[in-house]
Amino acid sequence: TLPDPATLSKELIHVLESAVIEWAYQVKAVIVARISPKFASGQNPGPRAEVEFWQKKELNLQAIVDQLGSLPFRRVGMILEKLHNSYFDPYKQIYIDTASALTEANNNVKSIRKSQLVMLDYYTPYYLFGLMHLHFVLLSS
């Protein structure tokens, strides 16, 4: 059960509001990352770094969504909503933004996996031909 909003101290309300601000900054830092840090620093590490980036981002965002769905986080929202507190809208926005970013990351990972399968289908015959050719050359020696 939630406490009666009328019994909450201003200090506790301030702590909840501060928590929402801190969560918003932390979540935004994960959401705004768009490219692998290796690319951002001017390196050219290849496509594997981009694949790893989106896979890690997907896992991080899923972990955040799981935390946002936890009872302690939801209780903060319920209290802010009962108080008609101005921080309730930013609280809701954290979840909306995270869910949207998770959908984007999921779509990117799916797209990357499809691309990997297409590349595998395309290059496998050449790879196998190279192995067969190498085997033939070794047998001919």
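Using θ = phi - 60° in the Karplus curve 6.51 cos²θ - 1.76 cosθ + 1.60, the 3J(HN,Hα) couplings for segment 90-98 round to x, 4, 4, 5, 4, 5, 4, 5, 5 Hz; x is entered for Gly and Pro.
With a Förster radius of 22 Å applied to the beta-carbon distance between LYS82 and SER18, the computed FRET efficiency rounds to 0.75.
Working from the Cα coordinates of segment 1-118, the gyration tensor eigenvalues give, after taking √(5λ), semi-axes of 37, 14, 9 Å in decreasing order. Stretching the chain fully between ARG75 and VAL30 yields a gain of 13.9 nm (0.36 nm per residue, less the alpha carbon separation). Given a Förster radius of 35 Å and the C-beta distance between VAL109 and ASP89 as r, what FRET efficiency does 1/(1 + (r/R0)^6) yield to the nearest 0.05? The calculated FRET efficiency here is 0.70.
Residues of segment 96-111 with the amide nitrogen closer than 19 Å to a label point 7 Å from the Cα of GLU52, along Cα-to-Cβ, please. It comes to 109-110, nothing else.
From most to least packed by mean Cβ count within 10 Å, the peptides 85-96, 63-74 give 85-96, 63-74.
Accessible surface of LYS82, taken over heavy atoms with a 1.4 Å probe and every protein chain present, rounds to 110 Å².
The values are calculated or read from the model by the stated rules, or taken from the named source; none is laboratory data. These numbers come from a predicted model, not from an experiment. Cβ atoms come from the backbone with ideal geometry, glycine included; neighbour counts cover every protein chain shown. Areas reflect the complete protein model, heavy atoms only, side chains present, ligands, DNA and RNA absent. Shrake-Rupley method; radii C 1.70, N 1.55, O 1.52, S 1.80 Å.
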